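S.K.: My questions will all concern the structure given below.
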Amino acid sequence: MNVVYSTSNLYSELAAISIISLFINSKDADEINVYVIDMGISDKHKRDMLDLASRFNRHLEFIANLDVEDIANTKINVGRWHISTFSRLFLLHVLPKNMKKVIYIDCDMIIRHSLKPLWEMDMQGSWCMSADDCRGMMYRKDIGIPSDSIYTNNGLMVIDLDAWRKNDVESKFIKYINKHHGDVTYMDQGVLNGVFQPIKKVKLLPIAYNAQTVCYDLGYDGLQACRKPVWAYTRDEFEKDIADPIVVHFTTCFMSGTRPWFKKDRHPFRKEFLKYRRMTAWGKEPLWEDNTLKKKQIMTFICQLLPKSITYAIIRIVHVWMYPAIRKIKGELRK
């Protein structure tokens, strides 16, 4: 099993926590090779991560950072994210040339059950496998994909590297990025969906492989009310999978505001996260102070204070209509 992460020095703690959860819960895998894209990790933190892999008799190595803007030959607008997220699209530049397949995992995830079944899953001719991201119709229009397309989250992806090589996928990504002048809604996620969905090269995974915070903060009905998604899962599939997820993705959400490495967080899987944290070199370090912008803290407080029906109505207007409409107008003005 080949797995790749990308992390800075700040988030190396989170990567280590995710990696140890992978090692503990995928003991049935004969081989696990972890590749970490080095976004400025200190020597000490590298040693800590290497020691962790040694404890489980697994292979871990650090690989060079990518200059994505140089590869794409354009300036990229990253908004509130980090340009390192684009490294997911250009892994052929840094992974071994003979590698046929890899699982990409965001460092803000924990693995709760073995990924061996995922690794052995038939990709059925797809070039990538990932779980739904619960987005509405306007987001599909914004990135130019059919209205009935699935729209997936890039946090966990199984990538057929051979197919990406044979079909010159990176050139397709670069062309799409340049067509949008380096400004794509939801960054690399928008790029991958924009390129792959029209040609139906993504296989949908169960939400159990990417159970995001919003799934717990809002639930099935709350997501329907706030996002008006083009649903990929039934209620039964959704509720069964988030009750016992394989992978938990600690994304941000306006309802809870923080994440489990912050003090006073209340995520339902926080205890598991802290259990794995205690097994790393960061185990005795204090949890992080909430560094969320004051205006976001205020927004979360208001969302928690208001009746859900009002909160959901406000978020629906902003998320379903205003934001994608602004993005679309911005795109039209660039033409």
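Values in this text are rule-based calculations from the coordinates and carry no lab data. Remember, predicted model here, so these are calculated numbers, not experimental data. Using ideal geometry, Cβ is built from the backbone for each residue, glycine included, and neighbour counts are taken over all protein chains shown.
S.K.: May I ask which residue of Gly283, Met322, Gly144 lies farthest towards the positive end of the charge dipole of the chain, with charges of +1 (Lys, Arg) and -1 (Asp, Glu) on Cβ and the Cα centre as origin?
M.R.: My answer, from the dipole projection, is Met322.
S.K.: Turning to a different aspect of this structure: Only Cα pairs under 8 Å and at least 6 apart count here; give the relative contact order of the range 243-328 as a rounded whole percent.
M.R.: Numbers: 44 pairs, mean separation 23.5, N = 86.
Contact order relative to length: 27 percent.
S.K.: Also, I was wondering about something else. Per DSSP H run of n ≥ 4, the term is -39500 (n - 2.57); total these for the chain, divide by its residue number, and report the mean residue ellipticity at 222 nm rounded to 500 deg cm²/dmol. All intermediate terms of the calculation are to be shown ahead of the outcome.
M.R.: Values: 14 runs with 135 residues, N = 335.
It lands at -11500 deg cm²/dmol.
S.K.: Skipping prolines and chain starts, which residues have an amide H placed within reach, meaning under 5 Å, of the one on Thr7, given they are 5 or more residues away or on another chain?
M.R.: Ile37, Met39
S.K.: Just for the chain, what percent of DSSP beta bridges are antiparallel, to the closest 5? Working shown, then result.
M.R.: Values: 12 of 33 bridges.
Taking every DSSP beta bridge within the chain, about 35 percent pair in antiparallel fashion.
S.K.: Taking the C-alpha atoms of the range 13-128, how large are the radius of gyration and the largest Cα-Cα span, Dmax, in Å?
M.R.: 15.3, 43
S.K.: Give me, ordered by chain and number, the residues 5 or more places off Asn2 or on other chains with an amide H under 5 Å from its own placed amide H.
M.R.: Asn33, Ile103
S.K.: Please list 3J(HN,Hα) in residue order for the range 179-192, calculated via the Karplus relation 6.51 cos²θ - 1.76 cosθ + 1.60 where θ = phi - 60°; whole Hz, with x for glycine and proline.
M.R.: So the Karplus estimates, Gly and Pro as x, are 4, 9, 6, x, 10, 10, 4, 6, 6, 4, 5, x, 5, 4 Hz.
S.K.: Can you compute the radius of gyration and Dmax for the chain, using only the Cα atoms, both in Å?
M.R.: 19.4, 55
S.K.: To the nearest 20 Debye, how big is the dipole of the range 2-334 about its Cα centre, given +1 on the beta carbon of each Lys and Arg and -1 on that of each Asp and Glu? Please list the in-between numbers first.
M.R.: Values: 48 positive and 39 negative charges, 166 e Å.
So the magnitude is around 800 debye.
S.K.: On to the next question. Considering the chain as a Gaussian network with a 10 Å cut-off on Cα pairs, which listed residue, Leu192, Leu205, Leu118, attains the greatest mean-square fluctuation?
M.R.: Comparing Leu192, Leu205, Leu118 in a Gaussian network model of the chain, the most mobile one is Leu118.
S.K.: Let me ask you something else. What order do you get for 220-228, 147-155, 167-175 when each peptide is scored by the mean count of other beta carbon atoms within 10 Å, highest first? Provide the component values of the computation, followed by the final result.
M.R.: Details: 220-228: 18.2, 147-155: 20.1, 167-175: 16.2.
Descending mean neighbour count gives 147-155, 220-228, 167-175.
S.K.: Projected onto the charge dipole of the chain (+1 at Lys/Arg Cβ, -1 at Asp/Glu Cβ, origin at the Cα centre), which of Ile298, His59, Ile174 gives the Cα projection farthest towards the positive end?
M.R.: Ile298
S.K.: Given Cα pairs under 8 Å that are at least 6 residues apart, what percent is the relative contact order of the range 108-202? Walk me through the numbers before you get to the answer.
M.R.: Values: 88 pairs, mean separation 33.3, N = 95.
Relative contact order here is 35 percent.
S.K.: Spelling out what I want: for every residue of the range 244-259, take phi, set θ = phi - 60°, compute 6.51 cos²θ - 1.76 cosθ + 1.60 (Karplus), and round to whole Hz; glycine and proline get x.
M.R.: Result, ordered by residue: 9, x, 7, 10, 9, 10, 7, 7, 7, 8, 5, 7, 9, x, 10, 9 Hz.
S.K.: So, one more: How high is the relative contact order of the chain? Use alpha-carbon pairs under 8 Å, at least six apart in sequence, and give a whole percent. Can you show the working numbers first?
M.R.: Values: 525 pairs, mean separation 63.6, N = 335.
Over the chain, the number comes to 19 percent.
S.K.: If you don't mind, another one. Around Ala131, which amide H atoms from residues at least 5 apart in sequence, or from another chain, sit under 5 Å from its own amide H, with H modelled in the peptide plane?
M.R.: When sequence neighbours closer than 5 places are left aside, the close amide H contacts are Asn153, Leu156, Leu205.
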